[in-house]
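Here, each number is a calculation from the coordinates, and none is a lab measurement. If you're wondering where the values come from, they're calculated on a predicted model, not measured in any experiment. With ideal geometry, Cβ positions are generated from the backbone for all residues, glycine too; neighbour counts draw on all protein chains shown.
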Amino acid sequence: MNLERFVRDDGRLARQYDYGDETVLAVDFGPIGADASVDVVDGTVIVVFDDEQRELELPADVEDAQAFIRNGVLTIEMEVDA
């Protein structure tokens, strides 16, 4: 997973939190429209907003992942193989 590349073009803030068998990523996209969407498909997080699409490959050891956007903040919750 290359979180730095995912956010570097726009200078977005991103944080990673590790909690044993769970990792949480938070990316601040700032003010994006209410029509922004996110989905996890085959180990890839796909974010669509303002006619733009961003993709982030998840690490191979991720067993399950969920992603959502609230108030312009993308949150990805991942369970990793312990």
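Side notes on the structure shown:
- Shown is the FRET efficiency for A26 and D81, computed with R0 = 25 Å from the Cβ-Cβ distance and rounded to the nearest 0.05: 0.70.
- Projecting label points 7 angstrom from Cα along Cα→Cβ for R12 and S37 puts them 1.7 nm apart.
- In summary, the convex hull built on the alpha carbon positions of the chain has an orientation-averaged projected area of 5.0 nm².
- Residues considered: A34, A67, A26. Largest GNM mean-square fluctuation over the chain, using C-alpha springs under 10 Å, is found at A34.
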